[in-house]
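Notes follow the structure.
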Amino acid sequence: MIVVVGLGPGDVGDLTRRAEQVLRQARRLFLRTRVHPTVAALEAWGLIFETFDDWYRQELTFEEVYHAIVTRLLAVGSQEDIVYAVPGNPLVGETTVSLLLAQQGVPITIIPGLSGLEMSYACLGVDPAGGLQVVDAMQLDHQEILPDRPTLVLQLWSSRVASEAKLSLMRYFPDEHLVTVVRGAGVSGQERRAVVPLFTLDRVSWIDHLTSLYLPPAALRGVRRLESLMHRLRAPGGCPWDAEQTHQSLRRYCLEEAYEVVEAIDQEDDDALEEELGDLLLQVVFHCELAAETGKWSLSEVADRVCDKLVARHPHVFSTHAGGEAPVLATTEVLRRWDDLKRQEKPATSAVAGVPLALPALVASEKLQTKAAAAGFAWPDWQGALRKLQEEMQELCQALETPGEGESRAALIHEIGDVLTALVNLARFFAIDPEQALRDANTRFIRRFETMELLAGGSMKDKSLAELLALWSRAKKPVG
């Protein structure tokens, strides 16, 4: 059996009577670390104990040290009764205790103790019932921080940990946000406080194993700020235009913003891309606000749903084999598995199902024909696709002989569509994105036409077609 005892926040007077009794009667006593003020009292009592401090000085990560400690404790605890003492309360911020409780082989008994939390509340004058967030400095990258709530960061072990914590927290709080560094809260003669800007946190020289950090609430930032603003705009007394919008009325803006994002990418303009991504994000938040108002779903639920999808479709990343490592896969295999998982999630009624027809027509055509090819409906080589294009061109020429109205015009539209479809299929054989190819052609056209206008030296309306074609040829040389 393993009895786990909490040594309290640091002052021996805060050690519970039961904890003291268990410690004094222990036949074999282990301490996670002797670097704790209460340990001096244990030595004064004449207790003999073993510590794991040497393990921290080896070239191991904290996670590796914790697992090694637990392995040692379980090996001994399976043979004899032992006592394992940790700073504070065993159930607050103690990874080794969490690992011990997760196993089933050796019985574990917990003797609680005061944690640094209670002393921090008194030192800072903070009531945790007001929504205080308590987080571990070593786990900040794996926890969600809500900056509009007060936050207490425990186990700010060293300047290095403080530096890493600062960088993580500056994602949520302003760099100049005033924070309180507390050392030895409630420990007689050792308590110390300092209020500093967040960005200078790691410059505090006396940070050690007894240090924690308090951050008062800050103004909302990032997506939470955007969500709050959108709610305000839709609320009574907000913006009349925003209040009138529906999913359908916003449809055009969603498309427009997506195209502007693509344009910024094509122009390799990072500043414009940042702005346009913000505009597109606004559309996402707007739609989520509309749905939340009717109780359908919220932004958080939308985010959770796509997170679940990402995890499910990346088993090569989020699932591990017996050895503990995810398999390394080639990109082609990743894409194949992605498509297989999509089919399992949404069984299709047709091989070409699942392509949104609201996509740009060339994009939709390429996706449809790729799906059809995967089902076996495809030419064996590009020559077959070229012959089909030539066949469709002949049919278009025949339709052009009678380009009237009614059925004749409908036939012309039909044949132009078939030509475009055949051309997209030919591009697919060479892994050419037809949408991007046409975008590139549009860009070239603009550059050539603007150059042609310069060469014309004024209005082009008074020039013949032959003169304009000559100018076009001249414009192609410098532009390409």
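Sorting GLU80, GLU276 on the 10 Å Cβ count, fewest up front, what's the list?
Values: GLU80 10, GLU276 20.
Taking fewest neighbouring Cβ atoms as first place, the list is GLU80, GLU276.
As I understand it, the dipole of the range 118-215 uses +1 on the Cβ of Lys and Arg and -1 on the Cβ of Asp and Glu, about the Cα centre. Which of HIS177, VAL196, LEU213 lies farthest toward its positive end?
Toward the positive end, the furthest listed residue is VAL196.
Taking only Cα atoms of the range 118-215, what ratio of Rg to Rh do you get with Rh as the Kirkwood inverse-distance radius? Each step should come with its number before you reach the end.
Working: Rg = 12.3 Å, Rh = 13.3 Å.
Taking Rg over the Kirkwood Rh, I get 0.92.
³J(HN,Hα) across the range 160-177 via Karplus (A = 6.51, B = -1.76, C = 1.60, θ = phi - 60°), whole Hz, x for Gly/Pro?
For the range 160-177, the Karplus-derived couplings read 5, 5, 4, 5, 5, 5, 4, 5, 5, 6, 6, 6, 10, 10, x, 4, 8, 4 Hz, x marking Gly and Pro.
Under 1.5 on a/c is rounded, so check that first for the range 37-149, then, if it is not, pick prolate when a/b is larger than b/c and oblate when it is not; a ≥ b ≥ c are the square roots of the alpha carbon gyration tensor eigenvalues. Don't skip to the end; give the middle numbers.
Working: a/c = 1.91, a/b = 1.48, b/c = 1.29.
Prolate shape, in that a/c is at least 1.5 and a/b is the bigger ratio.
Figure the gain on full extension for GLN190 and ASP279 (residue separation times 0.36 nm, minus the Cα-Cα span) and round it to one decimal in nm. List each step's numbers first, then the result.
Details: separation 89, 0.36 × 89 = 32.04 nm, distance 5.15 nm.
Separation in residues times 0.36 nm, less the Cα-Cα distance, equals 26.9 nm.
Between THR200 and GLU333, how high is the FRET efficiency from 1/(1 + (r/R0)^6) when r is the Cβ-Cβ distance and R₀ = 51 Å? Nearest 0.05. All intermediate terms of the calculation are to be shown ahead of the outcome.
Working: r = 48 Å, r/R0 = 0.94.
The formula returns an efficiency of 0.60 here.
To the nearest 0.05, how large is the calculated FRET efficiency for ARG305 and LEU47 if R₀ is 41 Å and r is the Cβ-Cβ distance? Kindly include the intermediate steps, with their values, before the conclusion.
Details: r = 54 Å, r/R0 = 1.33.
That pair, ARG305 with LEU47, gives E of 0.15.
Would you compute, from DSSP H runs of 4+ residues alone, the mean residue ellipticity of the chain at 222 nm, taking -39500 (n - 2.57) per run and dividing by the full residue count, rounded to the nearest 500?
-16500 deg cm²/dmol
About the Cα centre of the range 222-303, how large is the charge dipole given +1 on each Lys and Arg Cβ and -1 on each Asp and Glu Cβ? Please answer in debye to the nearest 20.
On the way: 7 positive and 19 negative charges, 177 e Å.
Computed charge dipole of the range 222-303: roughly 840 debye.
Putting +1 on Lys and Arg Cβ atoms and -1 on Asp and Glu Cβ atoms, find which of TYR66, PRO315, LEU412 reaches farthest to the positive end of the dipole of the chain.
TYR66
Using only Cα atoms, find the angle between the long axis of helix 434-456 and the longest principal axis of the chain, and express it within 0 to 90 degrees, rounded to the nearest 10.
The angle comes out near 60 degrees.
In whole Hz, what ³J(HN,Hα) sequence does the range 302-316 give by Karplus (6.51, -1.76, 1.60; θ = phi - 60°), x for Gly and Pro?
4, 5, 5, 5, 6, 5, 4, 5, 4, 5, 5, 8, 10, x, 6
Grab the chain and count how many Lys pairs have their alpha-carbon atoms under 16 Å apart, sequence gap of 8 or more, or different chains. Could you put the intermediate results ahead of the total?
Working: LYS309/LYS342; LYS309/LYS346; LYS342/LYS367; LYS342/LYS371; LYS346/LYS371.
Here the count comes out as 5.
Which of MET230, TYR259, TRP297 sits closest to the plus end of the dipole of the range 222-303, meaning its Cα is farthest towards the positive end, when Lys and Arg get +1 and Asp and Glu get -1 on the C-beta?
TRP297
Whole-Hz ³J(HN,Hα) for each residue in the range 116-123, computed from phi via Karplus 6.51 cos²θ - 1.76 cosθ + 1.60 with θ = phi - 60°, x for glycine and proline: what do you get?
In residue order, the calculated couplings are x, 5, 4, 5, 5, 4, 5, 5 Hz.
What distance in nm lies between label points placed 7 Å from Cα along the C-beta direction at ASP269 and GLU391?
Using points 7 Å along Cα→Cβ, the separation is 4.5 nm.
At what distance in nm do the modelled label points of ILE145 and LEU468 sit from each other, each positioned 7 Å from its Cα along Cα→Cβ?
6.2 nm
What is the distance in Å between the Cα centroid of the range 168-235 and that of the range 1-28?
Distance between centres, Cα-based: 33 Å.
Give me PHE52, PHE173, PHE445 ranked fewest to most by other Cβ atoms within 10 Å of their Cβ, as a rough exposure proxy. Can you show the working numbers first?
Working: PHE52 19, PHE173 22, PHE445 11.
Placing the least packed residue first, the sequence is PHE445, PHE52, PHE173.
Taking 7 Å along the Cα-to-C-beta vector as the label spot, tell me the TRP382-VAL262 distance in nanometres, rounded to one decimal.
2.3 nm
Under 5 Å between amide hydrogens, which residues at least 5 positions from VAL92 or on another chain qualify, with H placed 1.01 Å from N in the peptide plane?
none
Fewest first, what order do THR421, THR332, THR443 take by the number of other Cβ atoms within 10 Å? The partial results should precede the final answer.
Working: THR421 19, THR332 8, THR443 13.
By the 10 Å Cβ count, ascending: THR332, THR443, THR421.
Tally Lys and Arg at +1 and Asp and Glu at -1 over the other residues with C-beta under 12 Å from the C-beta of ALA258: what net charge comes out? Let's see the in-between values first.
Working: positive: ARG251, ARG252; negative: GLU256, GLU257, GLU260, GLU263, GLU276, ASP279.
That works out to -4.
Roughly speaking, what is the stretch gain from LEU255 to TRP241, that is 0.36 nm per residue apart minus the C-alpha to C-alpha distance, in nm to one decimal?
3.1 nm
Non-local amide H neighbours of HIS177 (under 5 Å, H modeled in plane, Pro and chain starts lacking H): which ones?
Amide H neighbours of HIS177, under 5 Å, 5+ apart: LEU198, PHE199.
Explain nothing, just the number: dipole magnitude of the chain about its Cα centre with +1 on each Lys and Arg Cβ and -1 on each Asp and Glu Cβ, in debye rounded to the nearest 20.
Details: 48 positive and 68 negative charges, 180 e Å.
Around 860 debye, computed over the chain.
Counting only other residues whose beta carbon sits under 11 Å from that of GLN436, what net charge do I get with K and R as +1, D and E as -1? Mind showing how you got there, number by number?
Values: positive: ARG439; negative: ASP266, GLU366, ASP433, GLU435, ASP440.
Summing Lys/Arg as +1 and Asp/Glu as -1 gives -4.
Give the Cα extents of the chain along the principal axes, in whole Å, largest first.
That gives 108, 51, 49 Å along the principal axes, largest extent first.
Enumerate the amide H contacts of ILE111 below 5 Å, restricted to partners 5 or more residues apart or on another chain; note that Pro and chain-start residues carry no placed amide H.
VAL4, VAL5, GLY6
None of the figures in this text is laboratory data; all of them are computed from the coordinates on show. The model shown is predicted, which means the values in this text are computed figures rather than measured ones. Cβ coordinates were reconstructed from backbone atoms using ideal geometry, including for glycine residues, and neighbour counts include every protein chain displayed.
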